[in-house]
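Asker: Below are the structure tokens for one structure; questions will follow.
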Amino acid sequence: MTQIELKGIDYTYSPDTPYRVDALKNVSLKIEEGEFVALLGHTGSGKSTLLQVICGLIKPSAGEVLLDGEDINAKKYDAKKLRSKVGLVFQYPEYQLFEETVIKDVCFGPKNLGLSNVEAQRRALEALDMVDFPRTLYRQSPFFLSGGQKRKAAIAGILAMDPRILILDEPTAGLDPEGREMILGLMTRLNSEGIGIVLVSHSMDDVAEYAKRVLVMSEGSLVYDGGVREAFSERADALPGIPQVLSFTRSLAGIGIEPAIRADEALKNILARCRRRDIC
């Protein structure tokens, strides 16, 4: 099982200058293959810096980033191991698209790992099928796709490298409700197939609905690592909000409705209250 482990990670922007910023402070955590984890925090809390450190895009000022026990920043470490096991989908992933056609774009990652043209194409076709991308658009320029189709193509490009942990930074930003549901449904399906998901999101409703574990960053430090429900009660101060359902059911607590974090849970609590009073 693929495992990411961070040990005592610090990261400082502009060290030894008047503009010094300690973006990460002694962050330690583990993420296992198959988990569905949400990474949360206010803007400027250190989330984006942490993602870059995990994915090897920047080196920490102190501490270790281990992938399956190997330090990804060691001189002799083969970066292809990281690229093949941990995939990063940036916010607005359509900006990652650059090739002439969708199929060429999705093939780029596997080829970059050193795979043959035949193997790269096989992986690309499998990845496009995984995201339900229309086959009639394989030879289309990615720049003429809809917003949702661009997201699918960009995610397929990462999946073609066969990652075991997929990190998504605000994957539903800017999408209409249909596109949002499509991306969230895809993440759920990939997770059910054993791929670990790390979701960075400002939508607390999405977190409540899909995540099984929450990591909360505040001022560069990891201040919470645990269950979803507890995060909204214990560290709500460090979060950009709470789920709408939780806000609504808290307002009903005075009449015996137990607060819920998901819509299905709220409905069950409301129906239970009604039955106790013989209303339904």
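Asker: When residues of the stretch 226-247 are filtered for being assigned to a helix (DSSP H, G or I), open to solvent by 30 Å² or more (accessible area, probe 1.4 Å) and within 15 Å of Ala211 (Cα to Cα), how many remain?
Answerer: Adding up the residues that qualify gives 2.
Asker: Hey, can you tell me all the residues within the stretch 214-224 that are closer than 19 Å to Ile261 by Cα and either surrounded by fewer than 16 Cβ atoms within 10 Å (Cβ to Cβ) or more than 12 Å from the chain's Cα centre (by Cα) (or both)?
Answerer: Correct list: Val216, Tyr224.
Asker: Contact list please: Cβ distance under 6 Å, first residue in the stretch 100-129 and over 24 Å from Glu193 (Cβ atoms), second residue open to solvent by 20 Å² or more (accessible area, probe 1.4 Å), pairs at least six apart or on different chains.
Answerer: Hits for this filter: Thr101/Arg139.
Asker: Right, another one. Does at least one position in the stretch 191-213 carry a residue that is assigned to a helix (DSSP H, G or I), over 24 Å from Gly41 (Cβ atoms), polar (S, T, N, Q) and within 16 Å of the chain's Cα centre (by Cα)?
Answerer: Looking through the stretch 191-213, at least one residue is assigned to a helix (DSSP H, G or I), over 24 Å from Gly41 (Cβ atoms), polar (S, T, N, Q) and within 16 Å of the chain's Cα centre (by Cα).
Asker: Moving on. Would you mind stating whether Ala154 is part of a helix (DSSP H, G or I), open to solvent by less than 40 Å² (accessible area, probe 1.4 Å), touching a strand residue (DSSP E or B) at 6+ places or on another chain (Cβ under 7 Å) and within 26 Å of Thr2 (Cβ to Cβ)?
Answerer: yes
Asker: Using beta carbons and a limit of 9 Å, which pairs, at least six apart or on different chains, have the first residue in the stretch 159-183 and over 15 Å from Tyr210 (Cα atoms) and in a helix (DSSP H, G or I) and the second one charged (D, E, K, R) and modelled with pLDDT of 90 or more?
Answerer: Every condition considered, the pairs that remain are Leu159/Arg123; Leu159/Glu126.
Asker: Another one. Out of everything in the stretch 117-130 that is more than 11 Å from Ala156 (Cβ to Cβ) and in contact with a Pro (Cβ under 9 Å, 6 or more places away or on another chain), what residue ends up being least open to solvent (accessible area, probe 1.4 Å)?
Answerer: Ala120
Asker: When you scan the stretch 34-145 for helices (runs of 4 or more DSSP H) that lie fully inside it, which ones turn up with 2 or more residues that are among the polar types (S, T, N, Q)?
Answerer: 47-54, 117-130
Asker: Sticking with this one: Could you please find all residues in the stretch 57-88 being within 19 Å of Phe108 (Cα to Cα) and open to solvent by 30 Å² or more (accessible area, probe 1.4 Å)?
Answerer: Leu57, Asp78, Ala79, Lys80, Lys81, Arg83, Ser84, Lys85
The values are calculated or read from the model by the stated rules, or taken from the named source; none is laboratory data. Just so we're clear, the structure is a prediction, and the values are computed from it rather than from any experiment. All Cβ positions, glycine included, derive from the backbone under ideal geometry; neighbour counts span all protein chains shown. Just so you know, the surface numbers come from the protein's heavy atoms only, side chains and all, with ligands and any DNA or RNA stripped out. Shrake-Rupley method; radii C 1.70, N 1.55, O 1.52, S 1.80 Å.
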